[in-house]
Amino acid sequence: MTHEFDTIIAIADELEISRQALNRKAKRLNIDLSKKSFTDKEWQLLVSNKRKPKKSTSNNYVDTFTAQQLAEKDDLINYLKSQIKEKDKQIDHAQQLQLIAEQRLTETNKTLIEYQQKENQPKKGFWHRLFK
């Protein structure tokens with residue numbers, strides 16, 4: 001069975017590599033790309049000779065560094081959550097104190113108004129109070 005293609009770009013697309021990478025691979029394997037038709041053996045060489053990604057030693061460092069950063073951020077998030085809870089408690093306490101202060105102020109105002117009303121009434125004499 002032969003594998004036929006119209007263009008070199010179509011071959012590269014089929015192999016999921018760039019045209020330049022295909023040219024280098026074909027040159028390394030001594031395969032002529034200009035014929036655009038390949039036998040099973042040639043095709044298997046082109047397909048199977050995919051490069052494996054290099055294992056980088058820096059990946060371990062990056063993974064460790066990333067894990068460390070994530071742990072630090074988790075700690076920071078937990079700290080900020082505890083700070084938010086503490087601030088919520090403080091806000092609740094402040095609101096309760098504000099409510100108590102407003103209630104006392106209202107009571108004081110009522111008492112003052114009652115006192116002013118008593119003061120504003122005309123003074124009644126001794127006989128008037130006696131023979132009411």
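The values are calculated or read from the model by the stated rules, or taken from the named source; none is laboratory data. In this text, all values refer to a predicted model and were calculated from it rather than measured experimentally. As a convention, Cβ positions derive from the backbone with ideal geometry for all residues, glycine included, and neighbour counts pool all protein chains shown. SASA here: full protein model, heavy atoms, side chains in, ligands and nucleic acids out. Shrake-Rupley method; radii C 1.70, N 1.55, O 1.52, S 1.80 Å.
Across the chain, how large is the tail of the calculated P(r) beyond 27 Å, expressed as a percent of all Cα pairs?
68
Taking the Cα-to-Cβ direction at residue 36 and at residue 73 and moving 7 Å from each Cα, how far apart do the two end points lie in nm?
5.0
So for each of 39-46, 109-116 I average, over its residues, the number of other beta carbons within 10 Å; can you give me the resulting order with the highest mean first?
For the peptides 39-46, 109-116, the packing ranking is 39-46, 109-116.
In deg cm²/dmol and to the nearest 500, what is the mean residue ellipticity at 222 nm of the chain if only DSSP H runs of at least 4 residues count, each as -39500 (n - 2.57), divided by the residue total?
One gets -25000 deg cm²/dmol as the mean residue ellipticity at 222 nm.
Which value in nm describes the separation of the simple spin-label points at residue 86 and residue 124, placed 7 Å from the Cα toward the beta carbon?
Here the answer is 6.3 nm between the modelled labels.
Where the accessible area of the chain is counted over protein heavy atoms with a 1.4 Å probe, how much of it, in %, is carbon and sulfur?
Whole-percent figure for carbon plus sulfur exposure: 54.
Solvent-accessible area per residue for the chain at a 1.4 Å probe radius, Å²?
Value for the chain: 92 Å² per residue.
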